[in-house]
Amino acid sequence: MVSLSTWVRYAATKFEYSVVLGWKKYNVGQINGGQLSDAIWKNFFQGKLTFLHWTKGEQMAPTVAGDGGTLLVRKLPFPAPTQVFVGDVVLLKDPEKPSDYLVRRLAAIEGYEMVSTDEKDTPFILEKDQCWVLSDNESLKPKQEARDSRLFGPVPMTDIVGRVVYALRSAVDHGPVLNSRLAMNQDSSVLAVELDIDEMAKGAKM
C-alpha cells in the first residue's frame, strides 16, 4: 500500500516532469503556445515517468545479469547535473551505434579532471555537458571488453535518456539498483507507485 505522503511526492514529481517535457516540446516547435497547457495536463494524467528496457552483456554484472535482464528506467527529459548524479546507472545512446543503447554507470561530469593510469594518456578536464561512463564489471579489459568511456571517450549528457532504478535479473532475483543517494531519494516515490514486477516479468526475454 502506497502512503498518502508518497502519492503527494509522486504527483509533485510527475507535474514537474510534465511541465519540463511540455516546455521541451514547445521550444523545439512540436507544439505551439496554445497547446502547451493541454500537453502538460495530458502527460500528467496519462503519461508515466518510467519505461521498461531489456539488456544483456557482462559489462554491468552483477547489477545486470550477463545473460540479460529487464530494467525499469526513469525518464530524464533534461539530464542536467541537478537531475542525474555521479554514481547513477544510466541508459544512454550508444556512441558507436546511435540506434542502440548502453547501460553504464555515470563516473564523472563536467569539471572533473580525468587522469589515466596509463602514463601515455594526457590528463584532461571534462567540458560543459560532457560526462564519463564506466562498466561495473571490473574483471573486463578496459578498452577491449568494457565498452565504456575508456574506449570511446566522453559522451554528451544529452545522450542520457534515463536512470535505471530497478533490475529484474530473474523471477527470484530482482531489486532496486544502487544509485547515488540523491537519485535514490528522488526516485523512491516513482518506484513505489510505478514498479510492477509482473509487468517486468512479462517483458523479460527468459
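Details
- Against the criterion of being assigned to a loop (DSSP other than H, G, I, E, B), over 14 Å from the mean Cα position of the chain (by Cα) and at pLDDT below 90, residue 143 qualifies.
Quick grid of which residues meet (1) among the acidic types (Asp, Glu); (2) touching a strand residue (DSSP E or B) at 6+ places or on another chain (Cβ under 8 Å); (3) outside the structural domain of residue 97 (by the TED database); (4) surrounded by 14 or more Cβ atoms within 10 Å (Cβ to Cβ):
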| position | (1), (2), (3), (4) |
| --- | --- |
| 145 | yes, no, no, yes |
| 160 | no, yes, no, yes |
| 164 | no, yes, no, yes |
| 167 | no, yes, no, yes |
| 181 | no, no, no, no |
| 185 | no, no, no, no |
| 189 | no, no, no, yes |
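- Residue count, the range 118-140 (criterion: part of a loop (DSSP other than H, G, I, E, B) and either out of contact with any strand residue (DSSP E or B) (no Cβ under 9 Å at 6 or more places or on another chain) or of a type outside the set (Gly, Ala, Ser) (or both)): 15
- In the range 167-194, residue farthest from residue 6 (Cα to Cα) [restricted to those that are of a type in the set (Gly, Ala, Ser) and in a helix (DSSP H, G or I)]: 183
- Leading residue by the ranking (nearest to residue 96 (Cα to Cα)) among those in the range 133-143 that are in contact (Cβ under 8 Å) with a residue 12 or more places away in the chain and surrounded by fewer than 20 Cβ atoms within 10 Å (Cβ to Cβ): 134
The values are calculated or read from the model by the stated rules, or taken from the named source; none is laboratory data. Computed from a predicted model, the values in this text were never measured in an experiment. Here Cβ is always computed from backbone atoms with ideal geometry, including for glycine, and neighbour counts include all displayed protein chains.
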